[in-house]
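Remarks on the structure that follows.
Nothing in this text is a laboratory measurement; each read-out follows from the coordinates by a stated rule. None of these values were measured; they are calculated from a predicted model. Glycine gets a Cβ as well: all are built from the backbone with ideal geometry, and neighbour counts include every protein chain shown.
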Amino acid sequence: MTRRIVITGIGTANPLGMTVEGSWEALLAGKSGIRPIFIFDASAFPTTFASQVADFDLAEYVRDPDEFARAGRNVRFAMAAGRQAMENAGLFGRTDVDTDRFGIYLGSGEGVLDFPTLVHSIAVSLTDSGTIDTVRFAEAGLQRYDAFSELEQEPNMPANHLAHEYGLRGPAYSCLTACAASTQALGEAMDLIRTGRADLMLSGGTHSMIHPLGVTGFNLLTAISTEPKDEPWRASRPFDRDRGGFVLGEGSTIMVLEELEHARARGATIWAELVGFGTSADAYRMTDIHPEGRGPAAAMQMALDDAGVAPADIDYISAHGTGTQENDKVETLAIKLVFGDEAPKTPVSSVKSALGHLIAAAGATELMTCVLAIRDQRLPPTLNLDTPDPDCDLDYVPHTARQVKVEVCLSNSFGFGGQNDCLVVRRFVP
Amino acid sequence: MDRRIVITGIGLVSPAGDAAGLADAVRTGRSTVGPIRQFDASAFPSGIGGEVPGDFDPSEGVRREQRRYIKKNTKVMARDIQMGLAAANRALLDSGLPLGDDSQPPLPTIDHARFGMVFGTSFIPTTLDDLAGPVRASQTDGEVDLKDWGTKGIPQMFPLWLLKHLPNMHACHTGVLWDAQGPSNSLTCSDAGGLVALDEAVRIMARGTADLMLAGGAESRVSPLLLMRYALLNRLATGADDPVTASRPFDRDRLGWVAAEGAATVMLEGRDAAEARGARIWAEVLGTGVATMTAGINTCDADGRGVALAVGRALDDAGVEPGGLSAVYAHGPALEKQDRGEAAGLEAALGDAARTIPVTATKGVTGHMGAASGLADLAAACQMARDGRVPPILNCTTPDPEVRLNLVVGEPREMQGDLILVTANAIGGQTAAAVIRVNR
């Protein structure tokens, strides 16, 4: 018998708010999370803005905040989102759940690199020939580096902290397939429940690359938007002709996925049913997407097939929609490939226009908006879509939220390096 | 559907060389640990390592245009990525699948949409020399102001610096090279990465999404930044008189890890398809299990419960009773808490059989290859089984009395049967196990 997977809890820490409802209202109202960078002094970087999570008190979300003294933003966000998801699912504090069958699958990025110590240790180790004297580097680094800050950089730390916080002993995974990571995590988590390896999974993503080397790295690739510095909320313009790259965001969204009978037996409230997962690789080039959208199309088709739905059944596509010239053009092409005549009739929007790109946390956050769209029959808009691009000619729900019938949604995530992952989520019908 | 999954190719890049090299070092008890040569590590508390010999070539044996791709892109591949790609190539070559001639797409006999991969990888620390120029240009008296970094440092950086270090690039390059358009994942589960990757790859095949999968693990811990990190966390072996005796899994006088590096990859196929093409079969993957520790991020479950759960799941998945096992290739990182926790977990999962099944570990030979270690052990196990032997744990001369397992010490044991359990555990995190039936 097929095991059905439902979403019974959602939590989020994102630039538009620290709650599911608050950030959803802000999205529907067309608010943007993009501001000048306040986490570090980026005033002389090519990009000076990002979409950042406001300061919050971790003590509201964890048993012992001291355990998180050296934790990175990724871990802090995951603990906040994880706690909300547990409470929302009615699982927080419950002792009658079999924690051996409760797993974790996160798409998660690194902790914050200790930039000052790294560059200091290098600065005092420079040789005349332009290399590093590793003896001096070791001496300087051993003085300044902090052991636990270093440990917290490892990308499985959010999963490890969650396992410890909630005593979850089910199958535990952490993946980092760039921008596709949390969609891939949710899809594989769904498979772990389907195949009977778990009944419950805490799954989603968490990431912050808003640190000096993260912004440096993306600026070097010219992947992120640099203008307009004085009105940064206009910088993320998916599907607009004048788009100039994505805007870095950060945050976490974590969900409780649960096997339907398990959820029923404990009387859980069901948000929606996760019904389809598709995953593929471009196998084309390191950064460029296959120009015909081969990989994204294959992943979308696989997700629809897995869900047993046709393009005409899809009421809304939450696009990957990064706002780079290439992605938005190729994603449009791939949607047309899969949806054919249905493509122009299917609304597509990119919440990255408001939230920025949460990288490993993007997919889970976008899936959350799909779930809410189904609940409220409202689609979040694509902000800043002022000038149509002839290559991007679908219905992108520009500027303002829209009231429509929404029963089934497709959520797309395509990663740097060619991983393509898609999920289909549907209103739960017993 | 063909749900029986076999290993038809093994590819290794290890401190002892390729797959045969590793098997030979394990067989003869030859340590590959020595003073680190890639950089001057003399000022680190532990300056020894298990280094991959400098002559490994990721483009060895592949087709001409593939060699061109690799040569062109080597500068955007950190060492982890180069090793991962090389190990993947070696597994593919070992599988005997026709590569096709230069006029054809690679692997002309397969369905590329149903060929995928899962790698266990790690967040790769920056190559230090890449930051030398930018830091020189932006520093004042040994400190770097972020304004100066923005205006003077960033313009000096290698433009593709970020891509050189991303943990999904092993899979990206391997996929491009072999036109693998199926699922592609990169699991950052530290020491458990390789076996967790095997677990996921097998599950992806079982659900019918792919016919062919590579499962791999790759990591270099021989880098200044990781030697720093793990030294500060007191995980590294110090105080050995001779580097070759430094790595002592399950020994009472253990000293900690020896940082090592490597990559291990296996090619997975459905058994019927493999037999139909006459492939040489190394082993069948009978079952896998993944769990996690919950004791905290820098420690392990003293009672070994996380380990026991992973092992129990793998045995259940395989439909194998503990008493049916012929050997255990344990993780054995040579840290007191972790060795003892793992032993307790094995005891709990194996019950009475824990006293009789021979338990070995290879880290005495290689040091700790990080995310590559679990699949490197599996590769060694497949080869050693052909000798009919379970090799001894190198440098385990006085077994820890707290470890109540049948450790193989001194001389190899005859191996009865063909079922082998392999385990790998991340400190404070994921635990993984696999049960294979080796083809002797």
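Based on DSSP H segments of at least four residues, each scored -39500 (n - 2.57), chain B has a per-residue ellipticity at 222 nm of -9500 deg cm²/dmol.
Semi-axes of the equivalent ellipsoid for segment B:213-339, computed as √(5λ) from the eigenvalues of its C-alpha gyration tensor and ordered from largest down, come to 32, 20, 15 Å. In chain A, which cysteines lack any other cysteine Cβ under 4.7 Å from their own? Lacking a cysteine Cβ partner under 4.7 Å: A:Cys175, A:Cys179, A:Cys392, A:Cys422. Between segment A:209-239 and segment B:225-298, the C-alpha centres lie 39 angstrom from each other. The residue among B:Thr245, B:Pro167, A:Ala283 whose Cα reaches farthest toward the positive pole of the charge dipole of the protein assembly as shown, with charges on the beta-carbon of Lys, Arg, Asp and Glu, is A:Ala283. For the residues of A:180-189, the average number of beta carbons from a partner chain within 10 Å of their own beta carbon is 2. Among B:134-146, A:127-139, sorting by the average number of other beta carbon atoms lying within 10 angstrom of each residue, highest first, gives B:134-146, A:127-139. For the pair segment A:25-87 / segment A:106-166, the C-alpha centres are spaced 21 Å from each other. Taking a straight line from the alpha carbon of A:Lys329, these lysines sit under 19 Å away, with near neighbours fewer than eight places off in the same chain left out: A:Lys345, A:Lys352. Within the shell of other residues whose beta carbon sits under 9 angstrom from the beta carbon of A:Ser225, the net charge comes to +1, with Lys and Arg scored +1 and Asp and Glu -1. Packing, taken as the mean count of other beta carbons within 10 Å per residue, orders the peptides A:169-178, A:54-63, B:415-424 from highest to lowest as A:169-178, B:415-424, A:54-63. In plain terms, if you count all Cα to Cα distances in the protein assembly as shown and split them into 20 Å steps from zero, the share in each step is 17, 52, 29, 2 percent. One way to sum up the overall shape of chain B is the equivalent ellipsoid from its Cα gyration tensor, whose semi-axes run 32, 29, 19 Å, largest first. Computing FRET efficiency as 1/(1 + (r/R0)^6) for A:Asp242 and B:Asp179, where r is the C-beta to C-beta distance and R0 is 30 Å, gives about 0.30. Normalising the average separation of contacting C-alpha pairs (under 8 angstrom, six or more residues apart) by the number of residues puts the relative contact order of chain A at 23 percent. Of A:His320, A:His164, the sequence from fewest to most neighbouring Cβ atoms within 10 angstrom is A:His164, A:His320. Here the simple spin-label model places points 7 Å from the Cα toward Cβ, and for A:Lys405 and B:Glu143 these points are separated by 6.5 nm. Put in order of Cβ neighbour count within 10 Å, fewest first, the listed residues A:Met79, B:Met228 become B:Met228, A:Met79.
Residue by residue along B:118-131, Cβ atoms of other protein chains within 10 Å of the local Cβ number 4 on average.
With contacts taken as Cα pairs under 8 Å at a separation of at least 6 residues, segment B:136-293 carries a relative contact order of 17 percent. Projecting the Cα atoms of B:Val320, B:Trp257, A:Gly90 onto the charge dipole of the protein assembly as shown (Cβ charges, centred on the Cα centre) puts B:Val320 farthest toward the positive pole. With a Förster radius of 30 Å applied to the C-beta separation of B:Glu65 and B:Asn439, the computed FRET efficiency comes to 0.35. Within the straight-line cut-off of under 18 Å between alpha carbons, the lysines reachable from B:Lys164 are B:Lys71, B:Lys72, B:Lys75, sequence neighbours fewer than 8 places apart in one chain being disregarded. To check you understand DSSP bridge types, tell me what percent of the beta bridges within chain B (both residues inside) are antiparallel, rounded to 5. Here the antiparallel bridges make up roughly 70 percent for chain B. A simple charge model with +1 on the Cβ of Lys and Arg, -1 on the Cβ of Asp and Glu and nothing else charged puts the dipole of chain A at about 640 debye relative to its Cα centre.
What net charge is computed for the residues neighbouring A:Gly276, neighbours being all others with C-beta under 9 Å from the C-beta of A:Gly276, Lys and Arg scored +1, Asp and Glu -1? In short, -1. How about B:Lys147: which aspartates and glutamates have a C-alpha closer than 12 Å to its C-alpha, ignoring those fewer than 8 places off in the same chain? Counting by Cα, and skipping residues close in sequence, B:Lys147 has these aspartates and glutamates nearby: A:Asp41.
Once you order the gyration tensor axes a ≥ b ≥ c over the Cα atoms, which shape class does segment A:121-251 get: rounded for a/c under 1.5, otherwise prolate or oblate by comparing a/b with b/c? Oblate is the answer for segment A:121-251, as a/c is 1.5 or above yet b/c matches or exceeds a/b. Between B:Asp101 and B:Asp352, the distance separating the two model label sites (each 7 Å from Cα on the Cα→Cβ line) works out to 6.3 nm. Classified by the C-alpha gyration tensor, chain A has an oblate form. Its axis ratio a/c, with a ≥ b ≥ c, is 1.5 or above, and a/b does not exceed b/c. If R0 is 56 Å, the Cβ-Cβ spacing of A:Asp391 and A:Thr127 corresponds to a FRET efficiency of close to 0.65.
When both segment B:3-78 and segment A:174-192 are represented by their alpha-carbon centers, they are found 29 Å apart. Counting Cβ atoms of other protein chains within 10 Å of each residue's Cβ and taking the mean over peptide A:112-122 gives 5.
Sum up the charges of everything whose Cβ sits under 14 Å from the Cβ of B:Arg389, counting Lys and Arg as +1 and Asp and Glu as -1, but leave B:Arg389 out. Net of charged neighbours comes to -1.
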